[in-house]
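*Asks:* Next up is a structure, given as structure tokens.
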Amino acid sequence: MPMRPGRCYSHITSQPYTRKEYIHGVPQPKITKFETGNKEMTEKYEVKLDLISLEIGQIRSNALESARIMTGKFLNLEVGEGNFYMRIPKYPHQVIRENKMMAFAGADRLQDGMRLSFGKPIGVATIAKAGDKLIEVWGRKADIEKLKEALRRGAAKFPVKTRIIISEHRY
């Protein structure tokens with residue numbers, strides 16, 4: 001069975017930890033842009049595709065950024081920059097901590113084990129529940145296969161199982 005990306009931190013092992021004022025040195029999320037494409041044309045797009053999560057899990061901010069880049073690049077090349085609008089509705093609030101251990105010969109005599117094992121912050125993630133939207137894409141009906149392929153490529157970057165939902169878009 002192939003390894004899924006981000007498998008060390010994809011499962012939720014504790015309650016949500018989002019109080020950044022109590023943790024010093026929380027890194028900024030890797031994802032900076034949550035919207036791409038032509039937002040003004042949203043009323044004229046005919047279809048909306050949603051990439052939804054099928055299971056609960058944590059998605060790191062670098063996985064969100066990687067999926068955004070992959071999906072956006074494919075859509076820019078295949079559909080055209082002004083012919084789609086993409087949005088990522090999830091924001092990474094969850095602080096991920098790691099209790100770093102030494103990993104070299106003789107390290108067992110130097111470590112303190114579980115003493116003060118709160119951990120140092122190494123990144124942030126979002127908690128995805130079953131049915132949550134991870135990526136939303138609006139576009140033309142003629143480009144529906146290309147939109148689906150872009151979402152499929154973006155879904156490969158997430159550590160949770162996903163599904164693409166297609167709906168007619170009308171205001």
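The values are calculated or read from the model by the stated rules, or taken from the named source; none is laboratory data. Because the structure is predicted, anything quoted here is derived from the model rather than measured. Here Cβ is always computed from backbone atoms with ideal geometry, including for glycine, and neighbour counts include all displayed protein chains.
*Asks:* Would you tally the residues in segment 26-77 being modelled with pLDDT of 95 or more and among the aromatic types (Phe, Trp, Tyr)?
*Replies:* Of the residues in segment 26-77, 1 are modelled with pLDDT of 95 or more and among the aromatic types (Phe, Trp, Tyr).
*Asks:* In addition: Report yes if residue 18 is at pLDDT below 70, over 14 Å from the mean Cα position of the chain (by Cα) and more than 30 Å from residue 81 (Cα to Cα), otherwise no. Spell out how you get there, then give the answer.
*Replies:* On the way: at pLDDT below 70: no; over 14 Å from the mean Cα position of the chain (by Cα): yes; more than 30 Å from residue 81 (Cα to Cα): yes.
Considered against the rule, which asks whether it is at pLDDT below 70, over 14 Å from the mean Cα position of the chain (by Cα) and more than 30 Å from residue 81 (Cα to Cα), residue 18 comes out as no.
*Asks:* Looking only at segment 15-67, count how many residues are among the aliphatic types (A, V, I, L, M) and exposed (fewer than 14 other Cβ atoms within 10 Å of the Cβ).
*Replies:* We begin by selecting, within segment 15-67, every residue among the aliphatic types (A, V, I, L, M); these are 23, 26, 31, 41, 47, 49, 51-52, 54, 56, 59, 63-64, 67.
Subset that is exposed (fewer than 14 other Cβ atoms within 10 Å of the Cβ): 54.
Residues meeting the conditions: 1.
Yes/no matrix, rows are residues, columns are (1) among the β-branched types (Val, Ile, Thr); (2) within 12 Å of the chain's Cα centre (by Cα); (3) more than 20 Å from residue 27 (Cα to Cα):
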{"residue": "49", "(1), (2), (3)": "no, no, yes"}
{"residue": "55", "(1), (2), (3)": "no, no, yes"}
{"residue": "60", "(1), (2), (3)": "no, yes, no"}
{"residue": "72", "(1), (2), (3)": "no, no, yes"}
{"residue": "78", "(1), (2), (3)": "no, no, yes"}
{"residue": "97", "(1), (2), (3)": "no, no, no"}
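*Asks:* Go through (1) within 27 Å of residue 56 (Cα to Cα); (2) at pLDDT 90 or above and name the single condition residue 97 misses.
*Replies:* Answer for residue 97: the failing condition is (2).
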